[in-house]
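Student: Attaching a single structure in structure tokens format; questions to follow.
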Amino acid sequence: MPVREALDVLLAAARAVDGVEDVDTLAANGRVLACDQVSGLNVPSADNTQMDGYAVRAADCASGSATLRIAQRIPAGTVGQPLVPGTAARIFTGALIPEGADAVVMQEQCEASGDQVTIRHAPRSGEWIRRAGEDIVAGSVILPAGTRLRSQELGLASSVGLARLPVRRRVRVAVFFTGDELAMPGESLAPGAIYNSNRFTLRGLLDNLGCEISDYGIVPDSLRATRDTLRAAAAEHDLIITSGGVSVGEEDHIKPAVEAEGRLNMWQIAVKPGKPLAFGEVNREGSGAAFFLGLPGNPVSSFITFLLFVRPFVLRLQGVTGGVAPKAIPLRADFDWTKPDRRNEFLRARINDAGGLDLFPNQGSGVLTSTVWADGLIDNPPGQAIAKGDIVRFIPFAALQY
């Protein structure tokens, strides 16, 4: 199945989790809003100054060199008196514009001496004034339901006094890893054994998405053990993610186990690296089912298929309603790629000092160093050769790992 079609299948199947929590705005980073947030006030709440300077009547300064009496001083957080014609008010950034004033002249255009100021500028009405409600109008939706909250959204919510926010509960994800050859760091390696890097990579990626994670560890290469773990994981989780065992070898038990405990809706994607990717559901005892995503065992394949498929799917489960598919930017290739694959390739590349892309020399699916060296992935269509100077689609890791 082509990459785009596979992602469409996943997103069409995803259902946002139920359950809403009311959380402190300070603790809402990364959560997803459950309902629209409406401002109860205008921002700014009243006309105020953008600059330190003098609040004046523009008509009093039309000559471009007017001397006015400084009648008052208005710091931010205080309310001044109505401005008498022929006078000026010393005013500071953020302070409310006094009644009668219709412009602010920045202090760099003024010369003060005692209680007099000479305005060496002819301001227009409204100059350097922020109008009430020019940013936010009371009663307007400032953050719609389905928004994933970042630092800027939290700042916006707090700017209208929202101390708590209704968010969807965290997605509950179970993970386990198959392979009798797997060992954990700190253990000695037997002949033929490898350390389980995928456990650390996938858990880190799920942590970045704010999921509640249950780690079932390394499961033996047997159909019974795989089925038992799937049943246990389905009982309490929204999504089960596995790594390894999704190919067609005699020791690959994920596919028959999922088919025995539920159903498999999709298997094998036209993507390199990462062809053996499985999607389905595992039945719960009684009723309902948990979603299932089986990732390849090769570490680069596992990492890339998570970014391309699992991340958008999890965002939909969290209730994100906007675009969740990876977004690419056009950049120049500073290399030649003369032997493209018939599958959609995702090549590890780094932005060089000239603003072009350099390619990691070894694009193998087991070369985990390429994911650390690279800044992102080149989305290369099936059968597409790349010549130095071509413009390619580049997906930065920075946009995929939070």
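The values are calculated or read from the model by the stated rules, or taken from the named source; none is laboratory data. This is a predicted model, so every value here is computed, not measured. Please note: Cβ atoms are built from the backbone with ideal geometry, for glycine as well, and neighbour counts cover all protein chains shown. The area values use the complete protein model at the heavy-atom level, side chains included, leaving out ligands, DNA and RNA. Shrake-Rupley method; radii C 1.70, N 1.55, O 1.52, S 1.80 Å.
Student: Small (G, A, S) and closer than 12 Å to W128 by Cα, is that true of A103?
Tutor: yes
Student: So, one more: Show the residue pairs meeting these rules: Cβ distance below 6 Å; 6+ apart or different chains; first residue within the stretch 1-29 and farther than 30 Å from E345 by Cα; second residue in a helix (DSSP H, G or I).
Tutor: Note: pairs meeting the criteria are V17/L317; T25/L154; T25/A157; T25/S158.
Student: Which of (1) surrounded by fewer than 20 Cβ atoms within 10 Å (Cβ to Cβ); (2) within 19 Å of the chain's Cα centre (by Cα); (3) under 21 Å from S151 (Cα atoms) does R31 not meet, given it meets every other one?
Tutor: (1)
Student: Still on this structure, I have one more. Looking only at the stretch 36-59, count how many residues are out of contact with any strand residue (DSSP E or B) (no Cβ under 6 Å at 6 or more places or on another chain) and either closer than 19 Å to E127 by Cβ or of a type in the set (D, E) (or both).
Tutor: 3
Student: Among what's in the stretch 358-375 and is over 16 Å from G274 (Cβ atoms) and within 25 Å of the chain's Cα centre (by Cα), pick the residue that is surrounded by the fewest Cβ atoms within 10 Å (Cβ to Cβ).
Tutor: Only one residue fits best here, namely V372.
Student: For E108, are the conditions met, namely being open to solvent by 70 Å² or more (accessible area, probe 1.4 Å) and not in a helix (DSSP H, G or I)? Please lay out each step first, then the result.
Tutor: On the way: open to solvent by 70 Å² or more (accessible area, probe 1.4 Å): yes; not in a helix (DSSP H, G or I): no.
It is false that E108 is open to solvent by 70 Å² or more (accessible area, probe 1.4 Å) and not in a helix (DSSP H, G or I).
Student: Then there is this: Mind listing just one residue for me: the one in the stretch 338-352 that is open to solvent by 50 Å² or more (accessible area, probe 1.4 Å) and in contact with a Leu (Cβ under 8 Å, 6 or more places away or on another chain) and, of those, farthest from P273 (Cα to Cα)?
Tutor: The selected residue is I351.
Student: If I go through the stretch 180-204 residue by residue, how many of them are part of a strand (DSSP E or B) and either open to solvent by less than 40 Å² (accessible area, probe 1.4 Å) or at positive phi (or both)?
Tutor: 2
Student: Considering only residues that are closer than 30 Å to G294 by Cβ and in a loop (DSSP other than H, G, I, E, B), look in the stretch 139-179 and name the one that is farthest from the chain's Cα centre (by Cα).
Tutor: G179
Student: State whether the residues of the stretch 68-76 include one that is touching an Asp or Glu at 6+ places or on another chain (Cβ under 9 Å), open to solvent by 70 Å² or more (accessible area, probe 1.4 Å) and not polar (S, T, N, Q).
Tutor: First pass over the stretch 68-76, keeping only residues touching an Asp or Glu at 6+ places or on another chain (Cβ under 9 Å): 68-71.
Now restrict to residues that are open to solvent by 70 Å² or more (accessible area, probe 1.4 Å): 69.
Applying the additional criterion that residues be not polar (S, T, N, Q) yields 69.
The answer is yes, given that some residue of the stretch 68-76 is touching an Asp or Glu at 6+ places or on another chain (Cβ under 9 Å), open to solvent by 70 Å² or more (accessible area, probe 1.4 Å) and not polar (S, T, N, Q).
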